[in-house]
Structures are given as C-alpha cells and as structure tokens.
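Take a look at the structure set out below.
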Amino acid sequence: MSLHALTPMLRTPDLDGTAAFYTGTLGFAQRAGSVDEGWIALQRDGVELMLSGFNAHENDTAPAFTGSLYLRTDDVDGWWRTLKDAARVCYPIEDFAYGMREFAVYDNNGYLLQFGQPIASFDAP
C-alpha cells in the first residue's frame, strides 16, 4: 500500500480570479475542468493543484486553510523578483538557520504560498 501524489484543492468564491492568479502570475497550465464546471486542475513542473468553487457539502462562506503551500524551487530569487510586486508579501526573501532561502506571499484568496530553496553552502549540525 503506497501513496503516489498529493494534490491540494483550494476552494474559492472567485474561481475565475484564482485561476487567473495561478495561470497568469505563477505560470500554471490548466489541465482539466472549467469555471463553468466549478473546478479546475492545474499543473506546472510536475506540481499539481486543483481549484474549486465553494463546496455545498462544507457550507463554505470564505476561503479557509490553516496551513501553507510550500513550493520548493531551484530559483527562489527569480520567483522573488517575479512575485514581490505581483502579490501581497507575508515575509520577504531571507536565509534561515535551518538551511533554506525562502519568502512567502498570499494568493488572491489569502492562501499562504511559501517558496524555498536549499542554501548550497549550508552545513547541517
């Protein structure tokens, strides 16, 4: 018994605007679904994400998620240059003592997206 993938699904009251953020700002491609169908599957560089309108089973009234989506990249500085003026910044790019260079922004719903890259010269204790 094994798991093969984890695909986050984010629910939003603005499916069209959220799809525009992830495709236009982050460069994801739409693989399936549509705004009219109430869900969209996105993909970029092997990373998958699904978007959905509010779920009647959950009685959604606002976007809600208590965690963050952590995206590992090979060019965190490039992502920082791309996103620092295109999204609301949670914290700017920084080198952390645990060996990651990272920053965080919010998407158009307030979901927290963290981008990180291992620091090449970091020596773990």
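The values are calculated or read from the model by the stated rules, or taken from the named source; none is laboratory data. From a predicted model like this one, the values you see are computed outputs, not experimental measurements. No Cβ is skipped: glycine too gets one built from the backbone with ideal geometry, and neighbour counts run over all protein chains shown.
Checking Gly33, Gly53 one by one, the residue that is surrounded by 14 or more Cβ atoms within 10 Å (Cβ to Cβ) and at positive phi is Gly33 and no other.
Test of understanding: among Ala41, Ala97, which residue is in contact with a Ser or Thr (Cβ under 9 Å, 6 or more places away or on another chain) and aliphatic (A, V, I, L, M)? Explain how you work it out, then say what you get.
Values: Ala97 fails: in contact with a Ser or Thr (Cβ under 9 Å, 6 or more places away or on another chain).
Going through Ala41, Ala97 in turn, the sole match is Ala41.
Count of segment 42-68 residues, restricted to those that are in contact with a Phe, Trp or Tyr (Cβ under 6 Å, 6 or more places away or on another chain), within 23 Å of Gln30 (Cα to Cα) and of a type outside the set (A, V, I, L, M, F, W, C), is 2.
Test Asp107 against the criterion of being of a type in the set (D, E, K, R), touching a helix residue (DSSP H, G or I) at 6+ places or on another chain (Cβ under 9 Å), under 24 Å from Ala5 (Cα atoms) and not assigned by TED's automatic domain parsing to the domain that holds Asp14, and give yes or no. Break it down into steps so the answer makes sense when it comes.
On the way: of a type in the set (D, E, K, R): yes; touching a helix residue (DSSP H, G or I) at 6+ places or on another chain (Cβ under 9 Å): yes; under 24 Å from Ala5 (Cα atoms): yes; not assigned by TED's automatic domain parsing to the domain that holds Asp14: yes.
Yes, satisfied.
Within segment 16-40, the set of residues being in contact with a strand residue (DSSP E or B) (Cβ under 9 Å, 6 or more places away or on another chain), in contact (Cβ under 8 Å) with a residue 24 or more places away in the chain and part of a helix (DSSP H, G or I) comprises Thr18, Ala19, Tyr22. Do we find a residue being more than 24 Å from Ala120 (Cα to Cα), small (Gly, Ala, Ser) and modelled with pLDDT of 95 or more anywhere in segment 40-49? Within segment 40-49, one or more residues are more than 24 Å from Ala120 (Cα to Cα), small (Gly, Ala, Ser) and modelled with pLDDT of 95 or more. Across segment 41-48, not a single residue is classified as of a type in the set (Lys, Arg), in contact with a Pro (Cβ under 9 Å, 6 or more places away or on another chain), in contact (Cβ under 8 Å) with a residue 12 or more places away in the chain and surrounded by 14 or more Cβ atoms within 10 Å (Cβ to Cβ). In segment 63-83 there is at least one residue matching the filter, namely being of a type in the set (A, V, I, L, M, F, W, C) and touching a Gly at 6+ places or on another chain (Cβ under 7 Å).
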